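Enquirer: The structure under discussion is supplied below as structure tokens; questions concerning it will follow.
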Amino acid sequence: MLAAILTMVSACTTTTPPASGTATLSNERIAEILASPDRSSADRINDIRRKPDQMLAFIGVRPGMVVLDLSAAGGYTTELLARAVGPTGRVYGQSAPRNPTRAPPSPTAPEGLAYPAAPVTQAPTPAAAPAAGAPPTSAMRLAERAKNPAAGNIVAVVQKFEDPAPAEAASNGLDLVTIMFNYHDLGFMGVDRAQMNRAVFAALKPGGMYVIADHSGRPGTGISESGTLHRVEEAFLRKEVEAAGFKLVAEGNFLRNPSDPRDKNTPDPPQPKDEFVLKFVKP
């Protein structure tokens with residue numbers, strides 16, 4: 001077991017070269033980012049259940065990185081990454097074009113009610129609303145975040161999941177790609193995940209990282225419960241990503257909850273969902 005762990009750590013450190021010769025963020029720098037007084041109260045509440053200090057440390061973010069945050073939604077993770085890579089870096093926040101034949105999605109409560117609930121959306125200014133009663137798009141929310149100089153390096157990208165990277169970064173242009181708790185959604189949305197993962201592989205530089213966090217499903221369920229329990233089987237996800245050429249180099253257990261029976265959207269009795277975090281690398 002120890003040998004396997006040492007091999008995994010070695011893979012992380014040798015296959016992912018520092019961006020622009022810089023080192024990963026220290027715990028002290030991560031704490032400074034999270035304590036920034038200009039962060040929103042909604043994001044601070046979200047911190048309680050998302051453990052961003054451990055997530056940023058696990059990812060190994062470096063100043064100067066070029067990052068793509070898939071399914072950026074309201075931009076909670078996108079902004080953290082933007083602050084982490086600093087003014088010399090860039091973070092693309094991707095969202096898919098809205099289907100004009102479908103009603104905009106309604107905000108949902110955060111899953112796993114053991115922690116305080118964080119608002120899913122932030123109210124837009126009247127000018128930002130696309131139509132009366134319609135919620136703001138992800139791109140609009142990211143634009144609001146980018147008004148803050150600390151997150152001015154956020155670039156909203158509206159492209160389908162199967163072709164998520166902007167043209168200038170679609171071939172060996174990215175250091176890091178993340179998708180936080182939304183891979184399972186790709187199942188009921190009908191996304192061609194194999195094509196998406198291949199596109200992510202092509203967009204990453206050699207040694208680039210692909211980090212995925214999601215709600216853990218039961219063995220044998222695959223992605224079949226994506227639209228009901230909002231879960232995906234970890235082994236299933238890993239197999240899909242590795243089929244694109246990625247190699248798993250680290251597993252984060254800081255969001256694990258072995259007591260979660262994984263048979264409901266919100267566990268009963270109320271408690272955090274069992275969640276996994278996987279870091280893959282492009283060889």
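The values are calculated or read from the model by the stated rules, or taken from the named source; none is laboratory data. Fair warning: this is a prediction, and the values are worked out from it, not measured in the lab. So basically every Cβ, Gly included, is an ideal-geometry build from the backbone, and we count neighbours across all protein chains shown. For the accessible areas, the whole protein counts, side chains as well, though only heavy atoms, and no ligand, DNA or RNA atoms are used. Shrake-Rupley method; radii C 1.70, N 1.55, O 1.52, S 1.80 Å.
Enquirer: Got the relative contact order for segment 156-227 handy, in percent, Cα pairs under 8 Å and 6 or more residues apart?
Expert: 43 percent
Enquirer: Just by accessible area at a 1.4 angstrom probe, what is the order of GLU242, GLU168 from largest to smallest? Don't jump to the answer; show the numbers that get you there.
Expert: Numbers: GLU242 70, GLU168 120 Å².
Sorted descending by solvent-accessible area, the residues read GLU168, GLU242.
Enquirer: Roughly how many nanometres apart are two label points built 7 Å out from the Cα toward the Cβ at MET189 and ASP163?
Expert: 1.7 nm
Enquirer: Now a separate question. How would LYS282, LYS51 line up by accessible area, probe 1.4 Å, largest first?
Expert: In descending accessible area the options line up as LYS51, LYS282.
Enquirer: Calculate one ³J(HN,Hα) per residue across segment 135-148 by plugging θ = phi - 60° into the Karplus curve 6.51 cos²θ - 1.76 cosθ + 1.60, and present them in order as whole Hz with x for glycine and proline.
Expert: Once rounded to whole Hz, the list reads x, x, 6, 4, 4, 5, 5, 5, 4, 5, 5, 5, 5, 6.
Enquirer: Once you place label points 7 Å from the Cα toward the Cβ at ASN27 and LYS147, how far apart are they in nm?
Expert: 3.7 nm
Enquirer: Under 5 Å between amide hydrogens, which residues at least 5 positions from PHE181 or on another chain qualify, with H placed 1.01 Å from N in the peptide plane?
Expert: Under 5 Å from the amide H of PHE181 lie the amide H atoms of ALA213, ASP214, each far enough along the sequence or on another chain.
Enquirer: Please list SER41, SER71 from largest to smallest accessible area, probe radius 1.4 Å, with all protein chains kept in place.
Expert: Ranked from most to least accessible, the order is SER41, SER71.
Enquirer: Further question on the same structure: Along Cα→Cβ, 7 Å out, is where each label goes; now give me the distance between the ones at LEU34 and ASP268 in nm to one decimal.
Expert: If labels sit at LEU34 and ASP268, their model points lie 3.3 nm apart.
Enquirer: Provide the net charge surrounding TYR92, with neighbours chosen by a C-beta distance below 11 Å and charges set as Lys +1, Arg +1, Asp -1, Glu -1. Kindly include the intermediate steps, with their values, before the conclusion.
Expert: Details: positive: ARG90; negative: ASP69, GLU168.
With Lys, Arg at +1 and Asp, Glu at -1, the net is -1.
Enquirer: Between beta-carbons, use under 11 Å as the cut-off and find the net charge around PRO135, counting Lys and Arg +1, Asp and Glu -1.
Expert: For residues surrounding PRO135, the net value is +2.
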